[in-house]
Amino acid sequence: MQSLRAILTLSGDETLAVAKTAVRDGAKGFVERGISVIQRLNERRFGQALLDEIEEMRSAGKIREDFTTTDAGTSTFQEFLEMIGDKPDEQRFRVFCALFMSANAPDASFSEAVFDLELMGLLRKLSIGEMHLLYAAMQVKSYTVTSASDLLLAPLRKVLGYTSATLIHRNAQPLLECGLLSRNTWDNPGGSGGATRELLTDLGFALLERIEKYNEFKRESGSLK
């Protein structure tokens, strides 16, 4: 926790100074310093947000007071830091918050923590487009088979905000490979009229359950409308 707080101490003027130096020295200046302005800004923004989330969870009794002394606590915190140090985005951050809260709940077992850590590892590797599609699938959840065409993509397009079938299929592949989207539904979207087809696997629904629990906590605290 202390090392994360140290990341957040760089002032706006200091960040600007890094940018000016890098511009003067060219791309090599970034490489030699091992830092980019964008990455540092992201670390500051999401790092502070993580500290705020942890404090809110602890105050509400949603996670163990001594989470930093447990295997689950240190491992999930490390996964969170690695995600922030890579290419964080808002959707992935919220999902990691949900998994962190689940793994470090006062009554969470070691097996549950391992499950949450596995999900963190899977999600950390996804691109922002793949995360966006996963979020859309979790919102749609399922659809009813009718005589209409485009049963699978139509509801996803409404949530995604774009219509490219090629991009949707491309982003779906990693989600299918890691077992979050149902390959049976994806490969065979039709079926008997009136049948319900689920977009998520049991793993995907387990993730959704954790996100919904976290969202409920945020609503109760007044920080999610």
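Couple of notes before you dig in:
- Inter-site label distance for Asp89 and Glu65 at 7 Å from Cα along Cβ, in nm: 3.9
- Förster radius 22 Å - calculated FRET efficiency between Asp52 and Val159, Cβ distance, rounded to 0.05: 0.20
- For the range 183-198, the Karplus equation 6.51 cos²θ - 1.76 cosθ + 1.60, evaluated at θ = phi - 60°, returns couplings of 5, 4, 5, 5, 7, 9, x, x, x, 5, x, x, 6, 9, 10, 8 Hz by residue, with Gly and Pro reported as x.
- Taking 0.36 nm per residue of sequence separation and removing the Cα-Cα distance, the Leu167/Gln139 pair yields an extension gain of 8.2 nm.
- Flagged links, alpha-carbon separation over 18 Å, of Lys62/Lys218; Lys87/Lys125; Lys141/Lys213; Lys158/Lys213: Lys158/Lys213
- Pairwise FRET efficiency - Ser147 versus Phe110, Cβ, R0 = 45 Å, nearest 0.05: 0.35
- By average C-beta atoms within 10 angstrom, highest first, the peptides 97-104, 185-192: 97-104, 185-192
Every read-out reported here was derived from the displayed coordinates using simple, explicitly stated rules and does not represent laboratory data. If you're wondering where the values come from, they're calculated on a predicted model, not measured in any experiment. In this analysis, Cβ positions are derived from the backbone assuming ideal geometry, glycine residues included, and neighbour counts consider all displayed protein chains.
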